[in-house]
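What follows is a single structure, written as structure tokens, with notes after it.
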Amino acid sequence: MDFNPIPVETAVGAFLLAFPALFSIVNPPGGALIFDTVTAGRSAEEKQKLAFRVGLYALGVLLASLWLGSFVLNFFGVSLSALRIAGGLVVSVQAWGLLMQPEANEARKAHQAEPAQHAADIAFFPLTMPLTTGPGTISVAIALSSQRPSAGFAPLGFFGGISLAAAAIAVLIWLCNRSSHRITTMLGQGGARVTSRMVAFLLLCVGVQIIVTGVVGVAGMVHGAHL
């Protein structure tokens, strides 16, 4: 009998599910535009340090949400199927807003950033929370964690895959922020909006898939109750 404590296929599937969803909601290239605005007037060395700390803090927020979020909700008696449906709806609403009104999202983030432009320590607030990994990102992460399997060692592979996706997103946040001025020059507001719309559509697809999984789970429960 083969012993495979960390199912590779499950880990790869979890990564492919989580990475595009997290990339869509975090949008590191678009976030670099905000980072460049907030850190205007600071030295290159300060920007490099801030970029690294934001990436590190974002990783902590993502991992905490992915690993603990669904378990906290389950502790309060929320079924996994209900969590999937609710999480999928949240993801879909977030994606729809990003898809239809990226300008409004940019304006909101810019408004949140204004009071902190001259603050001494802005790495966690507001650069990480809420500008990089805010409530929308946390909601998406919790919805993703609700997709975890329950058989054997599959959950270990699943959480390994989504953790790797979170680490990849954190690295992208760091790289984009440290190159924020070049990205601002290359993309501009128009390029950032086109990118946002493309990745928002992927996020919408992920949200719908999570809802479908939840509905199938509820249907199975109802069918089993009538047998």
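The values are calculated or read from the model by the stated rules, or taken from the named source; none is laboratory data. Remember, predicted model here, so these are calculated numbers, not experimental data. Cβ atoms come from the backbone with ideal geometry, glycine included; neighbour counts cover every protein chain shown.
Key figures
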item: Residue check for Gly191: among the small types (Gly, Ala, Ser), surrounded by fewer than 16 Cβ atoms within 10 Å (Cβ to Cβ) and under 24 Å from Val93 (Cα atoms); result: yes
item: The stretch 26-42, residues that are outside any loop (DSSP other than H, G, I, E, B) and at pLDDT 85 or above; result: Val26, Pro28, Pro29, Gly31, Ala32, Phe35, Asp36
item: Any hit, the stretch 143-157, residues being aromatic (Phe, Trp, Tyr) and more than 30 Å from Ile34 (Cα to Cα); result: yes
item: Options Ala32, Ala18, Ala14: the member that is in contact with a Cys (Cβ under 8 Å, 6 or more places away or on another chain), small (Gly, Ala, Ser) and buried (at least 19 other Cβ atoms within 10 Å of the Cβ); result: Ala32
item: First in the stretch 171-188 and touching a residue at least 40 places away in the same chain (Cβ under 8 Å) and more than 15 Å from Asn27 (Cβ to Cβ), second anywhere and assigned to a helix (DSSP H, G or I) and among the polar types (S, T, N, Q), Cβ under 9 Å, 6 or more apart; result: Arg178/Gln48
item: Only one of Leu56, Leu63, Leu89, Leu17 that is in contact with a Leu (Cβ under 9 Å, 6 or more places away or on another chain) and either of a type in the set (A, V, I, L, M) or within 17 Å of Ile169 (Cα to Cα) (or both); result: Leu17
item: Where Gly161 falls short, out of the listed (1) over 20 Å from Ala11 (Cα atoms); (2) buried (at least 16 other Cβ atoms within 10 Å of the Cβ); (3) not β-branched (Val, Ile, Thr); result: (1)
item: Listing of helices (runs of 4 or more DSSP H) fully contained in the stretch 112-227 that carry 1 or more residues being among the charged types (D, E, K, R) and at pLDDT below 80; result: 180-225
item: Residue ID - farthest from the chain's Cα centre (by Cα), chosen from residues in the stretch 43-101 that are over 23 Å from Val215 (Cβ atoms) and part of a loop (DSSP other than H, G, I, E, B); result: Ser43
